[in-house]
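**Q** Sending over a structure as structure tokens; questions will come in a sec.
The values are calculated or read from the model by the stated rules, or taken from the named source; none is laboratory data. This is a predicted model, so every value here is computed, not measured. Here the Cβ is made from the backbone with ideal geometry for all residues, glycine too, and neighbour counts use every protein chain on show.
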Amino acid sequence: MMRRMMAVLAVALALACAAGCSKGGDVAVDKAKLAYYADTWEECRARFLKEADDLKRAYKGVEITAIPMAADKGLTIDACMVPAQKGQTGLIIVSSGVHGIEGFAGSAVQRMIMRELVPGMDLATTGVLFIHIINPYGMKNTRRVNEGNVDLNRNFDTDAKLFAIKNAGYPVIRDLLNPDEKLSTWSPGYVFFPVKAIYYIVKYGMGTLRESILRGQYEFPKGVYYGGKEFVPQKAPIEALITKSAAGSARVFVMDLHTGYGERGKMHYFPNPITIPKNLEAAKKVFAGYTVDWGDTGDFYVTTGDFTDWIEKLFPAKTVLRMTAEYGTMDSQTTMGSIRSLKITIMENQAANFGGKSQGDFDEAKANFREMYFPSAPEWRSTIMQQTAAEFPVLFKRFGELK
Ligand SMILES: [Zn+2]
């Protein structure tokens, strides 16, 4: 066991170096693209409404909707629906901020699409719905979850049986995941966190561990990746909005924007496995030539309560192409990268639920968390925009051509 552990440690350290050495400093920064980024939910929202207004002037029938969040005074989910201009047969949904804080990048990307990509799209029979920041509380409060510690991307389904799902692997590693005391960033648990994590990796295997942690859990309300006990309040109004927007469309393509998972500065297409043949066929056509993690690699994990899965379930009679776009930030595909991400995730959850031993502990946890989901590096911010601007028009065009 000890020898195996040392071997894993050596590999992990080598990977850490590889990750640390590839900072992507040779990426040319596109200043015009950086201008899309804003630092608060309020500013992102105001700028989204401005783009929506411009679209309203340019196209027929554009509808701008605000869904107020009752629990969070002043916070709203905003939407802009640009209907097909001559009889709609397909709908593209671009959504952001299901994971709160990830919406800083998501909002910027959405606004870039609205301003730069929509004008080049063929909107004769395809409509586009932008849903801005599905979890505004999380974005406002530097969290991935809502005020009830609920991860919204573990909370969406057509069937409330979701909340009875038991994640058998989770309780086994709770000791690693959810320290239930005030956060001290220099506690032995965190200083030796990588060693502890590697012990668990050796004991259970990386695949099992990743799946147990990330798939979602419904039993520990203060734990990470908690999916809640009931559907979040935004589910019903979002369902009404999507159903209305998709009326008459035989095909729906949902692109849900996230940050975090995967190689830093790289776009990853990362859906839960698509099992409905007509939907898989559509996805394979639209994404032909692009790297998609279809669920056949070791890095893969399946989650429950996924937002895009829910949209697929809402429309069994339609062809639904669902995709999660992840802009990688921490090289979480490497062992050390995933240990680092997990540590930052656990620290933030502990700080939010139990507070910090000092303000410094709390602030450090929050700052690391924000940097993980909304990197400050201009290279990162620029490159994810460039990849989006290069790839989405191709995907949207192919979707429009589906029969
Ligand atoms: Zn996410």
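**Q** Taking segment 1-55, which residues are in a helix (DSSP H, G or I), modelled with pLDDT under 50 and charged (D, E, K, R)?
**A** R3, R4
**Q** Tell me which residues, restricted to segment 233-279, are away from the ligand (no atom under 16 Å from the Cβ) and part of a strand (DSSP E or B).
**A** Once the filter is applied, which keeps residues that are away from the ligand (no atom under 16 Å from the Cβ) and part of a strand (DSSP E or B), segment 233-279 yields R251, V252, F253.
**Q** Any residue at all in segment 56-63 that's in a helix (DSSP H, G or I), small (G, A, S), modelled with pLDDT of 95 or more and within 26 Å of W380 (Cα to Cα)?
**A** no
**Q** I've got another one for you. If you take just the helices (runs of 4 or more DSSP H) that sit entirely in segment 311-403, which of them hold at least 2 residues that are in contact (Cβ under 8 Å) with a residue 12 or more places away in the chain, under 30 Å from A124 (Cβ atoms) and away from the ligand (no atom under 16 Å from the Cβ)?
**A** So the answer is 378-401.
**Q** Please count how many residues of segment 120-169 are touching a Cys at 6+ places or on another chain (Cβ under 8 Å) and in a loop (DSSP other than H, G, I, E, B).
**A** Here the count works out to 1.
**Q** Then there's this: Of the residues in segment 280-296, how many are at pLDDT below 95, assigned to a loop (DSSP other than H, G, I, E, B) and more than 16 Å from the ligand (Cβ to nearest atom)?
**A** Number of matching residues: 4.
**Q** What are the residues in segment 323-363 that are touching a strand residue (DSSP E or B) at 6+ places or on another chain (Cβ under 8 Å) and acidic (D, E), if any?
**A** E326, D361, D363
**Q** Mind checking which pairs have a first residue in segment 236-263 that is within 19 Å of N155 (Cβ to Cβ) and a second that is within 16 Å of the ligand (Cβ to nearest atom) and of a type in the set (K, R), Cβ under 7 Å, 6 or more apart or different chains?
**A** Correct list of pairs: V254/R322.
**Q** Something else: Pick out the one residue from E263, E312 that is within 21 Å of the chain's Cα centre (by Cα), within 20 Å of S341 (Cα to Cα) and acidic (D, E).
**A** Exactly one of E263, E312 is within 21 Å of the chain's Cα centre (by Cα), within 20 Å of S341 (Cα to Cα) and acidic (D, E), namely E263.
**Q** Among the residues of segment 168-214, count how many are among the polar types (S, T, N, Q), crowded, with 18+ Cβ neighbours inside 10 Å and without any contact (Cβ under 8 Å) to a residue 60 or more places away in the chain.
**A** Here the count works out to 1.
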